[in-house]
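Structure first, then comments.
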Amino acid sequence: MKITSSYRNLYLGAVSKKYRLCAALLGLEKVEEGKSCFAYQVKQCTGACIGESSIELHNLQVQTALNFYKVQAWPYQGAIAIKEGDEMIVLNNWSYLETAINEEELYELADSEQGEFDLDIYKLLKKALAGPFKQQVIQLKQIKDINDRRDSW
Ligand SMILES: [Zn+2]
């Protein structure tokens with residue numbers, strides 16, 4: 001699956017928040033020339049947009065942040081579920097959607113949009129899905145397709 005541009009923006013948004021980068025310089029926010037970005041007004045940007053901190057330093061931080069997290073494409077086709085005890089944790093596009101307690105809920109969640117992207121969750125999930133969770137992944141789309149076919153018989 002390709003990382004869509006909106007997904008990239010979500011990711012950049014999360015990065016900029018975490019490192020207090022400038023949303024305007026990242027292209028996430030349009031500002032008038034000479035004006036600071038909104039993040040600066042709420043002290044979330046160190047002021048690279050208005051020359052208060054160095055642009056070179058800012059760009060270096062952006063690069064470092066991007067390299068550090070290098071978001072991998074979601075390796076599944078749509079949402080997945082991981083069984084934890086009696087509950088199913090539903091995930092899509094590196095984000096946590098919901099916990100389902102029965103099959104009906106599970107299928108409903110399979111169609112839902114991606115949740116909020118969070119770098120820390122991304123890191124956790126990436127590790128977990130490569131290791132301990134790998135064998136427990138249930139690909140919801142596949143189950144759904146099978147069920148849909150069964151319904152039309
Ligand atoms: Zn700024």
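The values are calculated or read from the model by the stated rules, or taken from the named source; none is laboratory data. Predicted model, so just to flag it, every value in this text is computed and none were measured. Cβ sites come from the backbone with ideal geometry, for glycine too, and all protein chains shown count toward neighbours.
Quick one: what pairs do we get from region 127-147, first residue more than 12 Å from Gly78 (Cα to Cα), second among the hydroxyl-bearing types (Ser, Thr, Tyr) and not in a loop (DSSP other than H, G, I, E, B), C-beta under 8 Å, 6+ apart or different chains?
Partner pairs satisfying both residue conditions: Asn147/Tyr107.
Go through region 89-133 and give me each residue that's farther than 26 Å from Leu66 by Cα and among the β-branched types (Val, Ile, Thr).
Result: Ile89, Val90, Thr99, Ile101.
Of the conditions (1) of a type outside the set (Asp, Glu); (2) within 13 Å of the ligand (Cβ to nearest atom); (3) part of a helix (DSSP H, G or I), Cys22 satisfies every one except a single condition; which number is it?
So the condition that Cys22 fails would be (3).
Please specify each residue of region 79-133 satisfying the condition of being within 11 Å of the chain's Cα centre (by Cα) and assigned to a helix (DSSP H, G or I).
Across region 79-133, the qualifying residues are Leu119, Asp120, Ile121, Tyr122, Lys123, Leu125.
Do we have any residue at all in region 137-150 that's touching a strand residue (DSSP E or B) at 6+ places or on another chain (Cβ under 9 Å), closer than 21 Å to Ala14 by Cα and either exposed (fewer than 12 other Cβ atoms within 10 Å of the Cβ) or not assigned by TED's automatic domain parsing to the domain that holds Arg20 (or both)? Full working, then the answer.
From region 137-150, those touching a strand residue (DSSP E or B) at 6+ places or on another chain (Cβ under 9 Å) are 137-141, 143; that's our starting set.
Applying the additional criterion that residues be closer than 21 Å to Ala14 by Cα yields none.
No, region 137-150 contains no residue that is touching a strand residue (DSSP E or B) at 6+ places or on another chain (Cβ under 9 Å), closer than 21 Å to Ala14 by Cα and either exposed (fewer than 12 other Cβ atoms within 10 Å of the Cβ) or not assigned by TED's automatic domain parsing to the domain that holds Arg20 (or both).
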